[in-house]
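The values are calculated or read from the model by the stated rules, or taken from the named source; none is laboratory data. All values derive from a computational prediction rather than experimental measurement. Methodologically, a virtual Cβ is constructed for each residue, glycine included, from the backbone with ideal geometry; neighbour enumeration extends over all protein chains shown.
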Amino acid sequence: MQAITAKRVLIVVIAVFSLSLMVGCSGMEKKPAYRSGYLYYPTALVNADRALDEARMAGKDRECPAEFNAAKDMVDRAYEIYMACRTQEAIDMAQEAIGKIRALCPSPPPLPAARVIDRLTIHVNFDFDKSDVREADVAELKKAIDFVRKYPGTEVKLEGHTDSKGTEEYNQKLSERRAEAVRQYLIKEGAVDEAMISATGYGELRPIAPNTTQDGKDNPEGRAENRRVEILIISE
């Protein structure tokens, strides 16, 4: 009889102990395999280990090793504090460590976007299918020279444009050649250092005048307006 009673008492004790473990593990998680000590730890500490693992997988232990190791030391210290029965202090430290881990190796701030500080629209009205600077446009290019010389040492960008005759692919290349023709002219005239001026083309994509009339007929004046190079002064 005593043996049966003792057995029942043991079952009750085991049940109570198991229940206490379930209740006690509220807010607790199983430790990572590489951690020694208790089987369960506060979720904040386990989350700190997860954050470290993710940072390591992202290569941040190699990208910024000093900061990574400092964060890892903080996580290890949080576990030590928990083992010393200072639970809330350990949780607070683990949460602080998570913040530091997530902030590891920040990306450099983006470079400020280039800003157009001045622009001059000149109409170097290239003949159809041509990129040569015409004698008739020298006076117009003189305006460009004077304009660029107002900004010594500043970046200059040239944008070439065409009308819509021809294929889009062909016009793209033609606009690039036209912009480059003006670039070479400005360099030759000593208006700007070669390293400070670039040229690009936009083909027929940015017209400033209609290439055809409203009734669909050809518009020679509009096409002539669209065959142009624009000059932009870019901030540093």
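Can we say GLY216 is among the small types (Gly, Ala, Ser) and in a loop (DSSP other than H, G, I, E, B)?
Yes; evaluated as a whole, the condition is true for this residue.
Can you tell which of VAL182, VAL156, VAL124 is in contact with a strand residue (DSSP E or B) (Cβ under 6 Å, 6 or more places away or on another chain), surrounded by 21 or more Cβ atoms within 10 Å (Cβ to Cβ) and at pLDDT below 90?
VAL124
Can you tell which of GLU230, GLU204 is surrounded by 14 or more Cβ atoms within 10 Å (Cβ to Cβ), assigned to a strand (DSSP E or B) and in the same structural domain as GLU135 (by TED's automatic domain parsing)?
Answer to the check: GLU230.
Return yes or no: is ALA97 small (Gly, Ala, Ser) and either assigned to a strand (DSSP E or B) or surrounded by fewer than 18 Cβ atoms within 10 Å (Cβ to Cβ) (or both)?
no
Among the numbered criteria (1) crowded, with 16+ Cβ neighbours inside 10 Å; (2) in contact with a Leu (Cβ under 6 Å, 6 or more places away or on another chain); (3) outside any helix (DSSP H, G or I), which one does ARG119 miss?
(1)
Can you find even one residue in the range 142-151 that is loosely packed, with under 13 Cβ neighbours inside 10 Å, assigned to a loop (DSSP other than H, G, I, E, B) and under 37 Å from the mean Cα position of the chain (by Cα)?
yes
Determine, yes or no, whether ARG115 is modelled with pLDDT under 95, under 30 Å from LEU232 (Cα atoms) and under 38 Å from the mean Cα position of the chain (by Cα).
It is true that ARG115 is modelled with pLDDT under 95, under 30 Å from LEU232 (Cα atoms) and under 38 Å from the mean Cα position of the chain (by Cα).
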